[in-house]
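One structure below.
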Amino acid sequence: MLLCIDCGNTNTVFSVWNGTDFIATWRMETNHQRTADEYFLWLSGMMRVQEIAGAITEVIISSTVPRVVFNLRVLSNRYFNCRPLVVGKPECRLPVEPRVDPGTTVGPDRLVNTVAGYDRHGGDIVVVDFGTATTFDVVASDGAYIGGVIAPGVNLSLEALHASAAALPHVDVTMPEKAIGTNTVACIQSGVFWGYIGLVEGVVRQIRLERDRPMKVIATGGLAELFSQGFDLFDSVEYDLTMHGLRLLNDYNKDLPA
Ligand SMILES: Nc1ncnc2c1ncn2[C@@H]1O[C@H](COP(=O)(O)OP(=O)(O)O)[C@@H](O)[C@H]1O
Ligand SMILES: CC(C)(COP(=O)(O)O)[C@@H](O)C(=O)NCCC(=O)O
Ligand SMILES: [K+]
């Protein structure tokens, strides 16, 4: 079985696959100080419930936090007895090379989302991922990542307001009933919610103008749902997009001639 690890700046998501069959998924907070032994203690507990720890034979890792990769490599070597594939490293090949400025390192999550989006929808798409940062990944007609947009994440914007303005409380993101807030909390919620709707609309409009062709917009990440309710921003919302991409990339690399 294959263990896919998607490490973001906030959360690390593990998922297990048997061939193309999805088996299970678990999520933990990202912490670069966590050791391989700590990962395994937690994972083996989760896996025991489904009796799969002994069945893992392959591991693929995508991490936007470079410092965690060392311990995740040790986890695969020590506990699953395999060398992991790490997205973004030369040994992990991509079906189509990104077309970006020379020397640019593209976030591995964005490369994985590109592969997954192209597999499900073909080219000429934009993948929007609501993580710690909100990323827009533009995928060309041949499946290449050709660039995109990085915006502050929804929760990051809320935290920044709270951290920098003495009188502003911490607020959870929700869809406010009205744009005109009549108390501080409602004002902040409105700023972030309607601000974000405008951000997504504006960025997508500009990308379509620049590309001068129709482009589907696919959303993923925990907060995608909030921005899709009642709005016409996305053609589809797919929570498993990154995990799907990791599984595809693993299969792609396995099938390559040595
Ligand atoms: N279903 C959800 N509802 C509300 N907030 C969420 C949900 N899922 C994630 N979040 C929040 O969205 C932010 C990004 O989370 P996540 O997608 O795990 O980011 P990353 O991939 O960068 O680690 C975090 O602040 C997290 O608490
Ligand atoms: C933009 C990101 C911080 C998003 O990461 P996440 O919110 O998923 O943790 C990550 O993709 C990254 O560090 N990218 C490197 C720069 C780039 O992609 O151009
Ligand atoms: K992400």
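Which shape class applies to the chain: rounded if a/c is under 1.5, otherwise prolate when a/b exceeds b/c and oblate if not, where a ≥ b ≥ c are the square roots of the Cα gyration tensor eigenvalues? Could the numbers behind the result be given before it?
Details: a/c = 2.06, a/b = 1.35, b/c = 1.52.
In terms of gyration-tensor shape, oblate.
Helix by helix, which DSSP H runs in the chain go 18 Å or more along their axis at the Cα atoms and have an average Kyte-Doolittle hydropathy of 0.5 or more?
Numbers: long enough: 36-50 (21 Å, 0.12); 108-121 (19 Å, -0.91); 184-211 (40 Å, 0.59); 241-255 (21 Å, -0.73).
Sorted by number, the helices that extend far enough and score high enough are 184-211.
Would you mind calculating the gained length between residue 251 and residue 156 on full extension (0.36 nm times residue separation, minus the Cα-Cα distance), in nm to one decimal?
Working: separation 95, 0.36 × 95 = 34.20 nm, distance 3.44 nm.
30.8 nm is the gain from fully extending residue 251 to residue 156.
Taking amide hydrogens as modeled 1.01 Å from N in the peptide plane, which residues meet the under 5 Å criterion relative to residue 23, leaving out close sequence neighbours?
Residues meeting the criterion, in which the H sits 1.01 Å from N, are 16, 17, 18.
By how many nm would the segment from residue 48 to residue 213 lengthen if fully extended, with 0.36 nm per residue of separation less the alpha-carbon distance? Walk me through the intermediate numbers first.
Working: separation 165, 0.36 × 165 = 59.40 nm, distance 4.94 nm.
So the extension gain works out to 54.5 nm.
For every helix of n ≥ 4 consecutive DSSP H residues, a contribution of -39,500 (n - 2.57) applies; sum these over the chain, divide by its total residues, and give [θ] at 222 nm rounded to the nearest 500 deg cm²/dmol. Write down the numbers at each step before the final one.
On the way: 7 runs with 99 residues, N = 258.
Value at 222 nm, helices only: -12500 deg cm²/dmol.
Averaging sequence separations of C-alpha pairs under 8 Å and six or more residues apart, then dividing by the length of the chain, give the relative contact order as a whole percent.
Working: 430 pairs, mean separation 43.6, N = 258.
Averaging sequence separation for qualifying contacts and normalising by length gives 17 percent for the chain.
What does the accessible area per residue of the range 2-86 come to in Å², with a 1.4 Å probe and no ligands, DNA or RNA counted? Could the numbers behind the result be given before it?
Numbers: 4250 Å² over 85 residues.
Spelled out: the 1.4 Å probe surface of the range 2-86, per residue, equals 50 Å².
When ranked by the protection proxy of mean other Cβ atoms within 10 Å per residue, highest first, what sequence do the peptides 123-133, 94-104, 35-45 form?
Working: 123-133: 22.5, 94-104: 11.5, 35-45: 15.1.
Those peptides, ordered most packed to least, come out 123-133, 35-45, 94-104.
Please report the carbon-and-sulfur percent of the accessible area for the chain; probe 1.4 Å, protein heavy atoms only, DNA, RNA and ligands left out. Intermediate values should be presented prior to the final figure.
Numbers: 6750 of 12910 Å².
Solvent-exposed carbon and sulfur of the chain make up 52 percent of the total.
At 0.36 nm per residue, minus the direct Cα-Cα distance, what do residue 70 and residue 82 gain on full extension? Give it in nm, one decimal, please.
2.9 nm
Under 24 Å Cα to Cα from residue 178, which lysines show up? Leave out anything in the same chain fewer than 8 places away.
Candidates past the 8-residue exclusion: nothing left.
What ranking, highest mean first, results for peptides 113-121, 57-65 when packing means the other Cβ atoms within 10 Å averaged over each residue? Working shown, then result.
Working: 113-121: 23.2, 57-65: 21.3.
Ranking the peptides 113-121, 57-65 by packing returns 113-121, 57-65.
The values are calculated or read from the model by the stated rules, or taken from the named source; none is laboratory data. Predicted, not measured: the structure shown is a model, and the values here were computed from it. Methodologically, a virtual Cβ is constructed for each residue, glycine included, from the backbone with ideal geometry; neighbour enumeration extends over all protein chains shown. These area figures cover heavy atoms from the full protein model, side chains too; ligands, DNA and RNA do not enter into them. Shrake-Rupley method; radii C 1.70, N 1.55, O 1.52, S 1.80 Å.
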